[in-house]
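Peer 1: I'd like to ask you about the structure that follows.
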Amino acid sequence: MSDASKVVTRYAPSPTGYQHVGGARTALFSWLLARHFGGTYLLRIEDTDLARSTEDAVHKLVEDLQWLGLNWDNKELVFQSKRLDVYNKLIDGMIAKGQSYKAWETPAELEESWKAAGKAKRQYVYRRTEVTAEQVKQYEAEGRAHVVRFAMPVKDYRFDDAVVGPGQGVAADQVQDFVIRKSDGMPTFHLAVVVDDAEMGVTHVLRGQEHLLNTVNHIALQEALGYQRPVYAHLPVILAGDTGAKLSKRARDQKIRQRAHEWIRSAKKTAAELAEMSGIAADRLEEWLTNDKKQLDLSEQPEVMKAIGLREHDLPEIMVRDFRKNGYLPEVLNNFLALLGWSPGGDRERMTMAEMVELFSLEGVGKANARFNREKLVAFNKEAVAAATPERLLAGFRDYLKANPESPVNRGDDGMLTKLLGMKAGFRLFREVDEQARFLFLRDDEVMYEAAAVEKVLKKNEGEGARMLRELKGVFEALAEWTAGAIEGVMNEFAAVRQVKLNNVAQPLRVAVSGGMVSPPIFQSLEMLGRDATVRRMERALSV
RNA sequence: GGCCCCGUCGUCUAGAGGCCUAGGACACGGCCCUUUCAAGGCCGCGACACGGGUUCGAAUCCCGUCGGGGUCACCA
């Protein structure tokens with residue numbers, strides 16, 4: 001604070017749920033800028049919207065930001081809702097000076113004049129209406145609510161944006177008096193950001209481009225309150241990779257609905273049947289199906305997904321939490337997010353956090369909106385995971401499992417997980433390792449046999465697969481040592497003698513022990529499973 | 001619709017008048033390898049939105065057209 005040249009940035013989310021990737025990138029850039037210049041990065045919670053803010057959301061937000069490693073420098077989180085006295089004092093001061101005033105229009109009245117302007121093909125601009133002292137007395141007597149508006153000095157407002165460019169803003173005929181205190185007594189975002197940024201000594205404000213024009217309100221307020229103007233940098237928007245539309249929190253729900261409709265059509269089912277299968281009241285499900293404004297609860301989504309055969313990975317990741325649950329490394333997400341709108345120049349792409357800190361600059365931030373390309377993120381993750389030390393990998397996998405407590409792989413000890421990670425070398429997401437390896441951690445009777453796998457691999461060709469299993473069982477029981485190498489040797493020999501491809505032996509075995517057609521490399525899997533379990537599952541498969 | 005911003009391969013981008021017959025990454029196609037899924041190796045396809053200027057010379061500067069986005073709240 002004493003050093004005026006120090007960079008101070010901040011990320012100021014409003015707590016409405018898990019952290020969105022768009023916000024995460026804003027946080028990342030703010031963090032990178034501060035760290036690059038050895039400055040300070042702060043986190044502030046903008047909870048002035050009483051209706052939407054929840055304490056639970058604050059926890060989720062904080063958890064996601066911590067997961068990304070974007071540590072903030074303020075020991076205590078700043079909550080705007082706890083700073084009402086500060087804002088009110090300033091607001092009252094501005095009222096006394098005539099810079100702000102109480103406005104008494106009801107929402108209905110405002111809407112009416114807004115509509116009238118629309119009809120007259122005129123842009124709606126709020127104009128201060130003269131109210132006599134008598135009228136005010138009457139309003140107060142009838143308990144009418146009021147807001148406080150800022151009396152915006154009418155003039156052109158221009159500012160230089162570090163990303164968008166110089167000369168941004170609006171002309172005088174577009175400015176209007178905006179609300180700074182709502183009728184519930186809370187300050188609006190406009191007032192609160194300006195005050196807090198000034199008091200926290202914020203020097204660089206990074207935010208999404210949707211805030212570009214709000215900046216003129218903020219500048220006017222800064223001028224009225226005698227604050228310094230920070231450097232503004234408005235970041236381009238991140239769009240959905242598939243549709244090119246805005247990345248919205250509803251995208252996952254929409255995807256589930258779309259697939260539910262497809263499922264009903266192709267499986268010749270009804271909505272009622274789907275409701276029954278997923279344990280949701282029929283009328284509620286029906287409403288969700290036909291009204292895309294409705295969303296399923298987080299607890300209902302997995303049930304419907306299970307019923308229609310939709311997997312977690314089929315849904316677009318929108319929240320930081322989604323990425324964690326699908327098994328991406330946080331440093332990879334950061335790297336990828338950084339490249340959405342920023343480039344260090346040249347061919348440089350893969351960077352550690354430290355390298356990004358070193359290379360980051362606002363000059364490298366582009367102006368054009370960017371689409372979120374999940375395939376590239378997956379490829380980045382694959383590379384990072386292939387290059388990671390066993391320790392980093394294990395920690396990452398443990399973190400993934402923590403986010404997926406229902407996975408039976410949680411039962412494994414560190415030694416087993418490390419071994420498993422080694423077996424699956426070349427994997428892209430932890431989720432793949434988890435889903436393919438679950439059978440190794442199940443009890444024999446928990447293994448579910450996929451109908452398609454049984455049909456294709458065991459029953460086809462007059463039960464050739466099953467016959468292989470029967471014969472192989474004896475070979476396994478007689479095997480001297482139970483190691484991957486020994487199993488491989490004996491199976492190759494077995495296939496050679498019978499003049500069949502190894503695949504014809506390996507696949508039935510895979511189905512027998514895992515229930516499905518994909519697994520980690522089979523020899524090592526069997527070694528980990530153990531001879532007893534392997535033989536038991538072969539017997540069980542044969543009896544089913 | 002008004003105002004504002006943006007526009008290089010399918011996608012993210014490099015490019016700040018000659019280094020560009022436009023570079024990289026991901027995706028995609030082909031071949032090889034392979035016990036499943038992956039992974040890996042080699043080769044390949046692929047863009048300066050369009051039209052006018054300025055200039056000896058333009059992806060880079062100017063104008064227009066078209067396309068995309070943002071914003072017009074007592075939400076942030």
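Bear in mind these aren't lab numbers, they're just calculated from the coordinates by the rules spelled out. None of the values given here were measured: they were computed from a predicted structure. Here the Cβ positions follow ideal geometry from the backbone for every residue, glycine too, while neighbour counts run over all protein chains shown.
Peer 1: Round to a whole angstrom and tell me the spacing of the C-alpha centers of the range A:340-383 and the range A:236-303.
Peer 2: First find each Cα centre; the distance between them is then 33 Å.
Peer 1: Cα convex hull of the range A:342-411: mean projected area in nm², to one decimal?
Peer 2: 6.8 nm²
Peer 1: To make sure I understand, if each residue's beta carbon is the centre and we count other beta carbons within 10 Å, what order do A:S525, A:S299, A:S53 fall in, fewest to most? Intermediate values should be presented prior to the final figure.
Peer 2: Numbers: A:S525 23, A:S299 8, A:S53 19.
Lowest to highest Cβ neighbour count: A:S299, A:S53, A:S525.
Peer 1: How long are the semi-axes of the equivalent ellipsoid of the range A:22-167, defined as square roots of 5 times the Cα gyration tensor eigenvalues? Whole Å, largest first. Walk me through the intermediate numbers first.
Peer 2: Details: eigenvalues 287, 95, 60 Å².
The equivalent ellipsoid of the range A:22-167 has semi-axes of 38, 22, 17 Å.
Peer 1: Ok, one more. Between A:T40 and residues 5 or more places away or on another chain, which pairs have amide H atoms under 5 Å apart, with H built 1.01 Å from N, and which residues are they?
Peer 2: A:V7, A:V8, A:T9
Peer 1: Right, next: If you plug each phi of the range A:188-196 into the Karplus form 6.51 cos²θ - 1.76 cosθ + 1.60 with θ = phi - 60°, what whole-Hz ³J(HN,Hα) values come out, in order, with x for Gly and Pro?
Peer 2: For the range A:188-196, the Karplus curve yields 7, 3, 4, 5, 5, 4, 4, 5, 5 Hz.
Peer 1: Cα to Cα, under 19 Å, and not fewer than 8 places away if on the same chain: which aspartates and glutamates meet these conditions relative to A:K424?
Peer 2: Of all the aspartates and glutamates, those that pass the test against A:K424 - Cα under 19 Å, at least 8 places apart if same chain - are A:E383, A:E391, A:D399, A:D413, A:D414, A:E432, A:D434, A:E435, A:E488, A:E527.
Peer 1: Give the angle, between 0 and 90 degrees and rounded to the nearest 10, that separates the Cα long axis of helix A:251-266 from the longest principal axis of the Cα atoms of chain A.
Peer 2: Orientation of helix A:251-266: about 50 degrees from the principal axis.
Peer 1: With point charges of +1 on the Cβ of Lys and Arg and -1 on the Cβ of Asp and Glu, referenced to the Cα centre of chain A, which listed residue (A:M186, A:A452, A:G396) lies farthest in the positive direction of the dipole?
Peer 2: A:A452
Peer 1: I'd like the orientation of helix A:55-68 relative to chain A: the angle between its Cα long axis and the longest Cα principal axis, in ° from 0 to 90, rounded to 10.
Peer 2: With both axes taken from Cα atoms, the answer is about 60 degrees.
Peer 1: Determine one quarter of the surface area of the Cα convex hull of chain A, which equals its mean projected area, and express it in nm² to one decimal.
Peer 2: Hull-based average projected area comes out at 33.1 nm².
Peer 1: Just from its helices, what would the mean residue ellipticity at 222 nm be for chain A, if runs of 4 or more DSSP H residues each count -39500 (n - 2.57) and the sum is divided by every residue, rounded to the nearest 500 deg cm²/dmol?
Peer 2: -15000 deg cm²/dmol
Peer 1: Along Cα→Cβ, 7 Å out, is where each label goes; now give me the distance between the ones at A:E349 and A:Q258 in nm to one decimal.
Peer 2: 2.6 nm
Peer 1: On a straight-distance basis, which aspartates and glutamates could pair with A:K137 in a cross-link, Cα separation under 18 angstrom, same-chain partners fewer than 8 positions away excluded?
Peer 2: Hits, sequence-local ones excluded: A:E105.
Peer 1: Might you report the magnitude of the Cβ-based charge dipole of chain A about its Cα centre, with Lys and Arg at +1 and Asp and Glu at -1, to the nearest 20 debye? Numbers along the way, then the final one.
Peer 2: Details: 76 positive and 78 negative charges, 195 e Å.
Its charge dipole is roughly 940 debye.
Peer 1: Now a separate question. Taking neighbour counts of Cβ atoms within 10 Å as a proxy for exposure, in what order, fewest first, do A:M353, A:M517 appear?
Peer 2: A:M517, A:M353
Peer 1: Around A:D161, which amide H atoms from residues at least 5 apart in sequence, or from another chain, sit under 5 Å from its own amide H, with H modelled in the peptide plane?
Peer 2: Answer set, sorted by chain and number: A:G167, A:Q168.
Peer 1: Does anyone have the angle between helix A:502-514 and the longest principal axis of chain A? Alpha-carbon axes, 0 to 90°, nearest 10?
Peer 2: The two axes meet at around 60 degrees.
Peer 1: Take the cross-link list A:K306/A:K402; A:K294/A:K367; A:K119/A:K249; A:K376/A:K501 and give me the ones stretching past 26 Å between alpha-carbons.
Peer 2: Where the Cα-Cα span goes over 26 Å, the pairs concerned are A:K294/A:K367; A:K119/A:K249; A:K376/A:K501.
Peer 1: Using the charge dipole of chain A (Lys, Arg: +1 at Cβ; Asp, Glu: -1 at Cβ; taken about the Cα centre), state which of A:L340, A:A425, A:N461 has its Cα farthest towards the positive end.
Peer 2: Farthest towards the positive end: A:N461.
Peer 1: Using DSSP to define loop residues, name the trypsin sites (Lys or Arg not before Pro) in the range A:97-126 whose beta-carbon has at most 12 other beta-carbon atoms within 10 Å.
Peer 2: A:K97, A:K121, A:R122
Peer 1: Still on this structure: In whole Å, what are the Cα extents of the range A:467-544 along the three principal axes, biggest one first?
Peer 2: 27, 23, 23
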